[in-house]
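Here's the structure, in structure tokens; my notes come after.
The values are calculated or read from the model by the stated rules, or taken from the named source; none is laboratory data. Treat the numbers as computed from the prediction; the structure is a model and nothing was measured. In this analysis, Cβ positions are derived from the backbone assuming ideal geometry, glycine residues included, and neighbour counts consider all displayed protein chains. Only protein heavy atoms, including side chains, enter the accessible area calculation; ligands, DNA and RNA are left aside. Shrake-Rupley method; radii C 1.70, N 1.55, O 1.52, S 1.80 Å.
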Amino acid sequence: MNLSNQKSKFIFATIGIIVVVVFTATLVIAPSAVFGEEESTPPALYDLGQWDRVTRISEGWIMRSPRAISFSANIVTHISAPDGRLQVELRRFEEPFTGIDDGGIFASDLVPPGWVARVTKFPLYDGKYHWRARAIDSNGNKSGWQEFGDIGNVDFEIITNRPPTLSYSQ
């Protein structure tokens, strides 16, 4: 084998090693450059739930005693910001959602991947309520707001100052 052939093989092998090293470094340091994913990919949430202590309650539920209510969701985040929190906006039914943090918006603690985020609100007073939620990851990226249940419906009601009524049908 002549010297010129050996130099060509050496150059191609060196270039190959450099390409592998650069690609590997890019994959580890900036996976979005390889896979096209944004590192600021917003988190997502699913399986929104509302709870009266340990009982999951359906949309339109009526509570007859002043209790706390909990809100929950599963949070899905990007690998670059694995922890997430649930943020809830709770309003009386006659009030529109505003997205303004005027006391009606509150959030859970950060939870690790695979855990359900849950936050409790109390005290609550007589009235009809509706709520929506979004996910926020540990980098501050936010999902869009998602309303619980059917859009425009009462999510739960608290009635403490009147006794339950009975109806009879024949």
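Here are some notes:
- Boolean, ALA135 is modelled with pLDDT of 95 or more, in contact with a Pro (Cβ under 6 Å, 6 or more places away or on another chain) and open to solvent by less than 50 Å² (accessible area, probe 1.4 Å): yes
- Meets criteria (under 21 Å from GLY149 (Cα atoms), modelled with pLDDT under 95 and among the hydrophobic types (A, V, I, L, M, F, W, C)) for ILE105: no
- Scanning the range 83-97 turns up at least one residue that is open to solvent by 50 Å² or more (accessible area, probe 1.4 Å) and over 30 Å from ASN161 (Cβ atoms).
- ASN153 falls short on exactly one of the conditions (1) under 26 Å from SER40 (Cα atoms); (2) among the polar types (S, T, N, Q); (3) touching a residue at least 60 places away in the same chain (Cβ under 8 Å), and that condition is (1).
- Matching residues, the range 117-132, being at pLDDT below 95, open to solvent by 70 Å² or more (accessible area, probe 1.4 Å) and in contact with a strand residue (DSSP E or B) (Cβ under 8 Å, 6 or more places away or on another chain): PHE122, TYR125
- Of all residues in the range 48-69, those satisfying the criterion of being farther than 14 Å from ARG134 by Cβ and either within 15 Å of the chain's Cα centre (by Cα) or of a type in the set (D, E, K, R) (or both) are GLY49, GLN50, ASP52, ARG53, ARG56, GLU59, ARG64, ARG67.
- Listed by first and then second residue, the pairs with beta-carbon distance under 8 Å, at least 6 apart or on different chains, first residue in the range 125-148 and in contact (Cβ under 8 Å) with a residue 24 or more places away in the chain, second open to solvent by 40 Å² or more (accessible area, probe 1.4 Å) and of a type in the set (A, V, I, L, M), are ALA135/ALA44; ALA135/VAL76; ILE136/ALA107; SER138/LEU110; SER143/ALA44.
- For the range 46-93, a residue qualifies if it is closer than 18 Å to LYS121 by Cβ and of a type in the set (Asp, Glu), and the qualifying residues are ASP52, GLU59, GLU89.
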